[in-house]
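The values are calculated or read from the model by the stated rules, or taken from the named source; none is laboratory data. Treat the numbers as computed from the prediction; the structure is a model and nothing was measured. Cβ coordinates were reconstructed from backbone atoms using ideal geometry, including for glycine residues, and neighbour counts include every protein chain displayed.
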Amino acid sequence: MPMLLALQTDDKVTLSLTILLTGLVVVFLVLIVLTEIIKLYGTLVYNATNKNTKPKPVEKAQEPAPAPVSAPVPAAPAAPAVEDGIPGEIVAAIAAAVYCTEGASVSAIKSIRRSRSASRSAWGMAGVMENTRPF
Amino acid sequence: MEVLQGFMDALQGIWATSGFLGNDPRNYIMILISLVLLYLAIKKEFEPLLLLPIAFGMLLVNVFPGITATPSTEMQLVTDYMAAHNGAAGNYPTVILEGLEYYQIPTNGGLLYYLYQGVKLGIYPPLIFLGIGAMTDFGPLIANPKSFLLGAAAQLGIFITFIGAMALGIFTAQEAGSIAIIGGADGPTAIYVTSILAPHLLGPIAVAAYSYMALVPIIQPPIMKALTTKKERMIVMEQLRPVSKLEKILFPIIVTILISLLLPDAAPLVGMLMLGNLMRESGVVSRISNTAQNELMNIITIFLGVTVGATATGEVFLTPQTIGIIVLGLIAFGFGTVGGVLFGKLMCKFSGGKINPLIGSAGVSAVPMAARVVQKVGQKENPSNFLLMHAMGPNVAGVIGSAVAAGVLISILR
């Protein structure tokens with residue numbers, strides 16, 4: 001109480017605004033600095049780890065082949081419209097997979113793009129559902 | 001006859017020292033309040049791990065206020081003392097007042113006085129943080145460091161509430177700071193700041209902080225819905241990248257160095273949080289990591305809860321200030337949520353609709369309740385949407401954010 005009595009309204013406004021300004025600026029600043037540092041070392045660690053496992057991606061590239069959606073079309077055999085970032089090996093693997101499952105009934109692949117829901121398979125989805133149900 | 005007289009005297013003595021004669025009527029009101037809190041903790045399961053010991057501490061102190069009595073020194077005439085002890089001299093320091101020699105006989109304090117030292121000296125909250133650190137996975141935050149910004153934005157409630165508390169005119173600046181930290185939605189942080197700035201308000205502030213944390217699923221959803229569109233709430237976020245062990249080990253070390261250097265006042269809280277986390281992530285001290293998150297945490301929770309509850313005597317609790325604290329605490333939680341969601345909307349715009357603004361509300365901390373609320377609200381709009389891991393990022397960033405905000409308040413107001 002004595003502190004309260006000692007503070008005039010002007011002082012209170014000044015103190016309130018000082019706290020608001022200092023508080024928000026310091027909290028944001030500290031967390032922005034942390035964000036940048038974590039981004040930086042995240043990239044460094046990621047790059048370092050990737051360098052160590054460079055030979056692997058070639059083998060790996062063929063594994064996710066069934067994930068992208070392919071649209072079979074019996075029309076003229078034109079080059080498929082491939083989404084950016086899908087390497088040739090994957091296109092070849094998809095074409096092979098389509099041929100294996102569909103046979104010669106598919107005459108051409110029209111386009112290859114990443115499936116929007118491909119981030120999680122049906123099994124993965126079931127697992128997440130199971131784990132988050134209590135929430 | 002002598003026996004009967006002795007019996008009557010003894011009964012009279014017991015009656016005279018009983019709580020029925022000595023207690024203030026306000027103590028009885030507090031007993032009723034503690035019973036309501038016990039009901040909420042046991043029947044409704046409102047943060048029972050803390051509310052139950054808090055409510056029981058409240059009950060104990062109002063039934064027997066002496067349980068928190070501070071140790072004191074009793075003055076007794078040396079002659080009186082010797083007469084009572086068959087002429088034997090006592091081994092106490094003496095003092096001479098007006099020509100008479102007195103013994104200074106120390107008396108012990110109440111049980112909870114000693115346990116309370118852990119709160120008063122700021123020992124328990126950092127130890128709780130040690131356990132929280134050992135339980136927390138900062139992976140989602142490291143995978144998406146932008147979450148830090150949401151953890152910062154949700155601290156808005158703290159600073160807005162400070163202005164509100166000052167405007168009310170019944171609180172000093174230190175008290176206003178302690179009330180504002182309720183908006184950090186973090187019990188140990190609120191207790192830590194209050195024990196330094198306004199220890200006499202520990203009871204009402206701890207009760208308000210923990211009650212509102214239990215009420216997060218009721219307070220937050222209406223605000224989240226009011227500030228976002230259905231389309232925004234339905235946004236599905238990209239899966240988080242996996243985080244390597246090295247990154248997880250480096251994180252607590254970097255955060256400790258940076259925050260402790262910048263804001264030494266936040267070092268006890270953040271330092272212990274990160275020590276706990278390093279014990280967890282390093283994987284080489286699983287025994288002490290387990291102790292920190294189980295036995296130690298449980299023991300400290302008991303001491304912290306009971307002693308904080310015991311600060312809520314009728315005299316302290318039943319004042320207009322408590323009503324002010326309860327109202328301001330709600331404002332603090334509300335504005336924290338508003339700050340987080342609005343910043344989430346901003347990030348949603350800048351990221352081209354990749355961030356679901358709901359995750360911003362988890363930035364208030366209240367781990368993991370606030371993140372669960374995000375998951376629930378998001379899934380209501382889009383049942384195949386899983387925001388839990390995305391919300392854990394801002395959620396744990398909120399813990400760091402409120403510790404930083406606490407450091408700011410302490411350094412300015414102490």
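Within segment B:218-261, the set of residues being hydroxyl-bearing (S, T, Y) and farther than 21 Å from B:L278 by Cα comprises B:T228, B:T229.
Within segment B:342-378, the set of residues being on the phi > 0 side of the Ramachandran plot and surrounded by fewer than 22 Cβ atoms within 10 Å (Cβ to Cβ) comprises B:G352, B:G353. Need the failing condition index for B:I359 against (1) free of Cβ contacts under 8 Å to residues at least 12 places away in the same chain; (2) under 30 Å from B:M272 (Cβ atoms), just the number. Going through (1) free of Cβ contacts under 8 Å to residues at least 12 places away in the same chain; (2) under 30 Å from B:M272 (Cβ atoms) one by one, B:I359 breaks only (1). Taken together, the residues in segment B:334-389 that are under 24 Å from the mean Cα position of the chain (by Cα) and not in a helix (DSSP H, G or I) amount to 4. One residue alone among B:G109, B:G90 is closer than 23 Å to B:E315 by Cβ and either not assigned by TED's automatic domain parsing to the domain that holds B:P217 or not in a strand (DSSP E or B) (or both), and that residue is B:G109. Contact annotation: residue pairs with Cβ atoms under 9 Å, 6 or more positions apart or on different chains, pairing a residue in segment B:287-314 that is touching a residue at least 24 places away in the same chain (Cβ under 8 Å) with a partner that is of a type in the set (K, R) and in a helix (DSSP H, G or I), are B:S289/B:R280; B:A292/B:R280; B:Q293/B:R280; B:T307/B:K120; B:T313/B:R26; B:G314/B:R26. Can you find, within segment B:226-240, the residue that is surrounded by the most Cβ atoms within 10 Å (Cβ to Cβ) among those that are within 32 Å of the chain's Cα centre (by Cα) and assigned to a loop (DSSP other than H, G, I, E, B)? Per the criteria, the residue is B:T228. When each of B:A167, B:A152 is tested for being out of contact with any Gly (no Cβ under 7 Å at 6 or more places or on another chain) and among the small types (G, A, S), the lone residue that passes is B:A167. In segment A:1-100, counting only helices (runs of 4 or more DSSP H) that sit wholly within it, the ones holding 2 or more residues that are within 8 Å of chain B (Cβ to nearest Cβ) and at pLDDT below 90 span A:2-6, A:9-52. If you filter segment B:241-252 down to residues that are assigned to a helix (DSSP H, G or I) and either closer than 22 Å to B:P125 by Cβ or among the hydroxyl-bearing types (S, T, Y) (or both), you find that the one that is nearest to the other protein chains (Cβ to nearest Cβ) is B:F251.
Scanning segment B:161-205 for residues that are more than 25 Å from B:G305 (Cβ to Cβ) and among the polar types (S, T, N, Q) returns a single hit, B:T172. Applying the condition of being surrounded by fewer than 24 Cβ atoms within 10 Å (Cβ to Cβ) and more than 10 Å from chain A (Cβ to nearest Cβ) to segment B:390-414 and asking which residue is farthest from the chain's Cα centre (by Cα) yields B:R414.
Residue pairs whose Cβ atoms lie under 6 Å apart, separated by 6 or more positions or on different chains, with the first residue in segment B:248-264 and surrounded by fewer than 20 Cβ atoms within 10 Å (Cβ to Cβ) and the second among the polar types (S, T, N, Q) and in a helix (DSSP H, G or I), are B:I249/B:S282.
The number of residues in segment B:121-152 being assigned to a helix (DSSP H, G or I) and either over 21 Å from the mean Cα position of the chain (by Cα) or at pLDDT below 90 (or both) comes to 9.
For the criterion of being without any contact (Cβ under 8 Å) to a residue 12 or more places away in the chain, assigned to a loop (DSSP other than H, G, I, E, B), surrounded by fewer than 20 Cβ atoms within 10 Å (Cβ to Cβ) and in the same structural domain as B:V399 (by TED's automatic domain parsing), B:V284 passes. For segment B:156-175, the set of residues classified as in a helix (DSSP H, G or I), within 8 Å of another protein chain (Cβ to nearest Cβ) and touching a helix residue (DSSP H, G or I) at 6+ places or on another chain (Cβ under 6 Å) consists of B:L156, B:I158, B:F159, B:I160, B:F162, B:I163, B:M166, B:A173, B:Q174, listed by residue number.
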